[in-house]
There are 4 protein chains.
Amino acid sequence: MRVIRQKGEYSHVFSRYIEPIAKVEPGEEVLLHTQDAFMGLIQSENDNLEEMRRKRRGPNPQTGPLYIEGARTGDTLKVHILNIEPDRDFAVSAVHKFFGGLTPNKYTRMINVASSEKIYIYRFDEEGMLRHDDFLRFPWKPFMGTIATAPDLEALSTLTPFENGGNMDSPDVKPGNIVYLPVSVDGAYFFTGDCHAIQGEGELCGTALEIPAKVTLKFEIIKSKKITWPRIESPDEYMVVGSARPMEDAARIAYAELIEWMMEFGWDRLDAYQALTQVGKLYCANMVDTYYSMVAKVNKSFAERRR
Amino acid sequence: MRVIRQKGEYSHVFSRYIEPIAKVEPGEEVLLHTQDAFMGLIQSENDNLEEMRRKRRGPNPQTGPLYIEGARTGDTLKVHILNIEPDRDFAVSAVHKFFGGLTPNKYTRMINVASSEKIYIYRFDEEGMLRHDDFLRFPWKPFMGTIATAPDLEALSTLTPFENGGNMDSPDVKPGNIVYLPVSVDGAYFFTGDCHAIQGEGELCGTALEIPAKVTLKFEIIKSKKITWPRIESPDEYMVVGSARPMEDAARIAYAELIEWMMEFGWDRLDAYQALTQVGKLYCANMVDTYYSMVAKVNKSFAERRR
Amino acid sequence: MRVIRQKGEYSHVFSRYIEPIAKVEPGEEVLLHTQDAFMGLIQSENDNLEEMRRKRRGPNPQTGPLYIEGARTGDTLKVHILNIEPDRDFAVSAVHKFFGGLTPNKYTRMINVASSEKIYIYRFDEEGMLRHDDFLRFPWKPFMGTIATAPDLEALSTLTPFENGGNMDSPDVKPGNIVYLPVSVDGAYFFTGDCHAIQGEGELCGTALEIPAKVTLKFEIIKSKKITWPRIESPDEYMVVGSARPMEDAARIAYAELIEWMMEFGWDRLDAYQALTQVGKLYCANMVDTYYSMVAKVNKSFAERRR
Amino acid sequence: MRVIRQKGEYSHVFSRYIEPIAKVEPGEEVLLHTQDAFMGLIQSENDNLEEMRRKRRGPNPQTGPLYIEGARTGDTLKVHILNIEPDRDFAVSAVHKFFGGLTPNKYTRMINVASSEKIYIYRFDEEGMLRHDDFLRFPWKPFMGTIATAPDLEALSTLTPFENGGNMDSPDVKPGNIVYLPVSVDGAYFFTGDCHAIQGEGELCGTALEIPAKVTLKFEIIKSKKITWPRIESPDEYMVVGSARPMEDAARIAYAELIEWMMEFGWDRLDAYQALTQVGKLYCANMVDTYYSMVAKVNKSFAERRR
């Protein structure tokens, strides 16, 4: 299998203004090496988060962009997540002073900031669990925190989840699932990174179990099909990820776009609205990033009834 | 088993200012008859929603208040949901002009309102499914949309989910689970109603499969234990329901209170924050009511590790 | 002039479930004595806010309800604010641990709360200014923080601004202006209190210069005219106060209702929408209460062009 | 005076990835020609908004970037707005189907979109007023809707107001006032455009009176002074513009940063928080863009008391 490592600096933006690091054919299996969200700068619980932030150019270093041969503006990129392996024997999480779901931050400003930060190092134990101590001990349930194509004109921070995918932090971006992303630039300019060894819904404190990874992917192109927001397909479910603030706008986007998807199966708009009222699922992927992400889901067999 | 039917009018507020309809002993099993959210006024798809709204005094008619013997301000009421049976052979849902998750409404005002409304009647078919047509056909997965104690001083609309429980529209208020509510008035003044035959997460269009029901409950009192927000316990999980706007504030409340609950098991605050980041679940119960409700969950065996 | 003092306890809810303290005729001038938001319990900067909160039954004690003769459900109450005089020689403000615009609070929960509280006492100096020190020294610009009728069925906390008026904290509820409130109960059940000696837009830290006051009012009834949200009329401007969360919903309500008001002058809906885009004003009255309040304004001479 | 016209295409992003169109010395007066938000494509009320959107590459075409000689990352750019003249004899506004404060839009999705759009053309009349008809007739009160430096790494849509300034739509970006912007790239990469002949607070329907303009500016550099959010200085007031969603986060940023500014004059943090509670002003600049903008203000003589 073809192995791709980042050339030069990792990217801190999802951007068309960067030279692709490789060209990839649809159907080709590629293994990408990704760095962790801390750029590998945290190695011990005695390290200093402030110093780490000063050293790195930005958060969430990305591997990419990959130029996907044949992808044209207006197509949809279908990304098969085939496998994710750890690329280090430990993962890192941290509670930050000025970032997190229950911490004052850049957007939700408070008169006081938190007084302390804390680093958690998790090492794989003999049972393959990531262990900090007897209580903080978790299984390996990896997914890619960021997965994106480049936007049309903007270069977006790799902290941002949006129409192009990005930092959605959805645990459903995992092996066995398919991610659909809009192609807004010829070649798609694909990025991924920010692997999480495990993460709950919301990514509450702002950092999951961050770890460098080897992710195996395969791309397909759906010609002349335009989607507006990222979609995910699991063996059983169709999902849309909406990312916005406040969180209810993210929820509205996710469900409104899932209705659009159901209409592709022949559903009438109002009936799809009615159906998702009764059987839709709606969870929070992140409550910490520049936009919040909500994931709306429907069972495939239900959605396909109309076909 | 003791059967309780509403005396006089159903209540449209969660309120201490109403005379209790019955006194109930802790440990006693009671079967309550509840009316549907439309006050039983919608019987056919040709009925008129506008007329229904004019006829009823308010939404979500409640059975109650029950005076729970021995409950004192500062206690916690533990409500075992034992069983829910339908009390009619059909359920009703509707898309409203001025209410719903993707509809302009009282709060999210728009220059235009929707032009049409639509009623959906679902009848139990021979397989026990609720059937509108071949596509809109759902299993019986009942829960109580509203379950509440009376607030200290306020009388709150039965559309409102808040610290006292209320219109949370959480599918986890179902048979086999336990709901914990704060007691803010001697006797607790318990209300329930608004049974949903089934509902997805978010209650997207604003009305689930609404149906009158017979709900069997048993109460316990936890003396001198004060909780701030409603808690739910399933066989496997601990949950807190936070209700607020915007939705991220509901999420913050749910997780902040779940941290408080974990601290009762011996968790340190920061470690609980870290733990829920990795294994917490967070879904939207309603995105349509006066406050949005988010439910944060943690697996019981995980939370109890510290004990 | 008729002087009205609270009988029995001040109210901590806007509620129809309370016995009126007086009956007032339309056209009659009445002087009401109001208590400050701290119930008069803070007298020195060495007092303890925690203790104050324990002692009082609730925030924002209200004088009322007044039964307004002739007011019937479906009318509008027109309240002329004639005069406000201080009823004490000092005012009090405070920075709270768990309340305020830049402080974690009941809704916007954080993992840490603020560590300290601070009381500010302002005394009238010889120039009639309220003086804490050389820098914190403000003129007397009084208004009523709360002004309300009772809701139809609910009893709402006196911290809450809503359709019935309430805790809007709008500096435009001042002498010389008129407040319009919906009548939802026969007799209107009028309340006022929470006088602020001065306050900026937003009431940033959550407490203005709180002071007991003597407020002189006169009531009129507009028969069979139903308004949905509170309106204010100054000599030059028409205003609507929208109260909701998130703040954009409050803004939407305020402008949507101001469009309704302009339509009473003959404006077409779209043209009013266009007009307010170019000449509307929109300020934040409070960013700290249970709902945020936004005030939308239009110049009277502009709005009346269509007449 | 030096006149600068756009070379090549107008920009639809605030971006460092674009070649500067001119180099400007601090102290030099320059007159920039700017295009209107519709790229000049709307000339009549019979034009078609849909077609206009298809033709242009993006919204809010910008003149720039200007390379400001001597500006280095970490400095602050001080922009004197000297004059704004119309560059056409009419202005254009429009009500859009899928954009606006009371219209379903990309973020606040609804099941139905508005059914109609409407264009308003305003021509200068003999009194210098912009006149659509007898009722929709407004004075010339021009300001620049967008004014920005380039962000560090991102390229942001010209619809976006953020830390770098951008599409704030604040009527205070007007002749006689000074705008302070952070320099995040050597040369600052300055952009401006989107002149509004007049606009109310909030820019309710999403488009003010849009007009091409000639704007005269002068730049100064404050060396080694880093500001985080844009500041505005009028002859009487200090202001900060916070842009975020939900709107309360924009308000929090604006006031939190105004406290920071007051601390530069010697104020203690808590005392500044207290002071702005009593005398701060807080209005909404836009309730329609990708982020909402709130402007917090304090009187200069008040803020400078501590100096």
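The values are calculated or read from the model by the stated rules, or taken from the named source; none is laboratory data. A quick note: this is a predicted structure, and the numbers were derived from the prediction, not measured. Because the Cβ atoms are built from the backbone with ideal geometry, glycine has one as well, and the counts that use them run over all protein chains shown. The area values use the complete protein model at the heavy-atom level, side chains included, leaving out ligands, DNA and RNA. Shrake-Rupley method; radii C 1.70, N 1.55, O 1.52, S 1.80 Å.
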Report summary line: Filtering region D:146-160 down to residues that are part of a strand (DSSP E or B) and not hydroxyl-bearing (S, T, Y) yields D:I147, D:A148, D:A155, D:L156
Query - Residue selected from region D:169-211 under the condition in contact with a Cys (Cβ under 7 Å, 6 or more places away or on another chain) and not in a strand (DSSP E or B), by the criterion nearest to the other protein chains (Cβ to nearest Cβ) - result: D:E201
**Report entry** Residues of region C:266-307 classified as more than 30 Å from A:M110 (Cα to Cα), more than 7 Å from chain D (Cβ to nearest Cβ) and not in a strand (DSSP E or B), total
**Finding:** 11
Requested in this report: Select from region C:150-168 the residues that are under 12 Å from the mean Cα position of the chain (by Cα) and among the aliphatic types (A, V, I, L, M) and write down the one among them that is nearest to the other protein chains (Cβ to nearest Cβ).
Outcome: C:L159
Query - Flag for A:T103 being touching a helix residue (DSSP H, G or I) at 6+ places or on another chain (Cβ under 7 Å), assigned to a loop (DSSP other than H, G, I, E, B), at negative phi and open to solvent by less than 10 Å² (accessible area, probe 1.4 Å) - result: no
Report task. Exactly one condition in (1) open to solvent by 10 Å² or more (accessible area, probe 1.4 Å); (2) touching an Asp or Glu at 6+ places or on another chain (Cβ under 7 Å) is not met by A:E264; state its number. Result -> (2)
Report summary line: Of (1) among the charged types (D, E, K, R); (2) in contact with a strand residue (DSSP E or B) (Cβ under 6 Å, 6 or more places away or on another chain); (3) at negative phi, B:E163 fails just (2)
Report task. Those residues that are surrounded by fewer than 17 Cβ atoms within 10 Å (Cβ to Cβ) and out of contact with any Leu (no Cβ under 8 Å at 6 or more places or on another chain), I need them from region A:108-134; list them, please. Result -> A:V113, A:S115, A:S116, A:D125, A:E126, A:E127, A:G128, A:M129, A:D133, A:D134
Query raised in the report: Given the conditions (1) under 17 Å from A:A148 (Cβ atoms); (2) in contact (Cβ under 8 Å) with a residue 60 or more places away in the chain; (3) among the charged types (D, E, K, R), which single one is not true for A:R231?
Result: (2)
Query raised in the report: Restricting attention to region D:135-145, which residues are open to solvent by less than 10 Å² (accessible area, probe 1.4 Å) and assigned to a loop (DSSP other than H, G, I, E, B)?
Result: D:L136
Report summary line: Selection over region B:105-149 where residues are among the hydroxyl-bearing types (S, T, Y) and more than 12 Å from every other protein chain (Cβ to nearest Cβ) yields a count of 2
Query raised in the report: Looking at this structure, is C:D152 touching a helix residue (DSSP H, G or I) at 6+ places or on another chain (Cβ under 7 Å), among the acidic types (D, E) and either surrounded by fewer than 24 Cβ atoms within 10 Å (Cβ to Cβ) or farther than 18 Å from C:S293 by Cα (or both)?
Result: no
Report task. Can you tell me which residue among D:V113, D:V95, D:V79 is of a type outside the set (G, A, S), modelled with pLDDT under 95, on the phi < 0 side of the Ramachandran plot and touching a Phe, Trp or Tyr at 6+ places or on another chain (Cβ under 9 Å)? Result -> D:V113
Query raised in the report: Does B:S224 satisfy being more than 15 Å from B:Y292 (Cβ to Cβ) and small (G, A, S)?
Result: yes
Query raised in the report: Among the residues of region C:1-21, which ones are β-branched (V, I, T) and open to solvent by 30 Å² or more (accessible area, probe 1.4 Å)?
Result: C:V3, C:I18
Report task. For region A:269-280, state whether one or more residues are in contact (Cβ under 8 Å) with a residue 60 or more places away in the chain, of a type outside the set (G, A, S) and on the phi < 0 side of the Ramachandran plot. Result -> no
Report summary line: Within region D:15-27, the residues that are touching an Asp or Glu at 6+ places or on another chain (Cβ under 9 Å) and over 17 Å from D:S157 (Cα atoms) are D:K23, D:V24, D:E25, D:P26, D:G27
Requested in this report: Return a yes/no flag: does region A:44-61 have any residue that is open to solvent by less than 30 Å² (accessible area, probe 1.4 Å) and in contact with a Pro (Cβ under 7 Å, 6 or more places away or on another chain).
Outcome: no
Report task. Scan region A:179-206 for residues that are hydroxyl-bearing (S, T, Y), open to solvent by 10 Å² or more (accessible area, probe 1.4 Å) and in contact with a strand residue (DSSP E or B) (Cβ under 7 Å, 6 or more places away or on another chain) and report the count. Result -> 2
Requested in this report: Only residues that are more than 30 Å from D:Y291 (Cβ to Cβ) and either open to solvent by less than 30 Å² (accessible area, probe 1.4 Å) or among the small types (G, A, S) (or both): list them for region C:232-248, please.
Outcome: C:S234
